[in-house]
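Laboratory data are not the source of any read-out in this text; all were calculated from the coordinates shown. Please read all numbers here as calculations on a predicted model, not as lab measurements. No Cβ is skipped: glycine too gets one built from the backbone with ideal geometry, and neighbour counts run over all protein chains shown.
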């Protein structure tokens, strides 16, 4: 095991994946709450379109989702073209791209449970809070957030697991650049291609252990 951890590519992939999951967790928490609240509260064409965009990574092939992001965020992509090059995000094939891939992949797993909880029980509580004179800000943080904390927690656990195993979107947006954007999942592929089956097996066991932790965390959360 020590020899495996001394492998620079494997060690880097583990550290990159840890940083990516941590960054994605923060983004998922903020975006999951805000988007879940918006979609649970609002109806109409705009809300339906936002719901479609949020749900898309669940039903669309990851490589296809990655291609769309590549087309939008590339240096010669749609955003750069529409702004005449004034806005040209330095995201593709960088660690930022890896984080965005993890964020996009896991986002629906956070938003949907929060949205469902808000539609099911929170809207009435929020309306009661407004009737009692609470502002929208107070209602959100004193009523909505505490009421959806279990749904949010379950969504964050699932999103973390999804982010760990993300390959398709990461491959398109982050690339598979050794020592730069090779996450654990991509490094498993790299190890197999290099006939390093010991390294691939170690990383699979690592991801499997984390998957078990995710499973038992969900079981414990559902029992609360």
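In the chain, helices alone account for a calculated mean residue ellipticity at 222 nm of -23500 deg cm²/dmol, with every DSSP H run of four or more residues adding -39,500 (n - 2.57).
Stretching residue 78 away from residue 189 to a fully extended chain increases their span by 36.9 nm, per 0.36 nm per residue minus the current alpha-carbon distance. By the count of other C-beta atoms within 10 Å, a proxy for reagent exposure, 169, 79, 178, 91 are ordered fewest to most as 178, 79, 91, 169.
Springs between Cα atoms under 10 Å define the GNM used for the chain, and in it the highest mean-square fluctuation of 76, 176, 190 occurs at 76. Between the beta carbons of residue 220 and residue 59, assuming R0 = 30 Å, the FRET efficiency works out to 0.55 to the nearest 0.05. Three semi-axes describe the equivalent ellipsoid of the chain; taken as square roots of 5 times the Cα gyration tensor eigenvalues and ordered largest first, they are 35, 24, 13 Å. When only Cα pairs below 8 angstrom with a gap of at least 6 residues are kept, the chain shows a relative contact order of 30 percent. Seen against the Cα atoms of the chain and their longest principal axis, helix 95-117 is set at about 30 degrees. If R0 is taken as 30 Å, the Cβ-Cβ distance between residue 141 and residue 211 corresponds to a FRET efficiency of 0.35. Pairs of Cα atoms nearer than 8 Å and 6+ residues apart set the relative contact order; for the range 32-142 it is 36 percent.
Here the spin labels are modelled as points 7 Å beyond Cα on the Cα-Cβ line, and at residue 149 and residue 11 they lie 4.0 nm apart. Result for the chain in a Gaussian network model with C-alpha springs under 10 Å: among 179, 40, 168, the largest mean-square fluctuation is at 179.
Got the relative contact order for the range 94-164 handy, in percent, Cα pairs under 8 Å and 6 or more residues apart? Rounded, it is 54 percent for the range 94-164.
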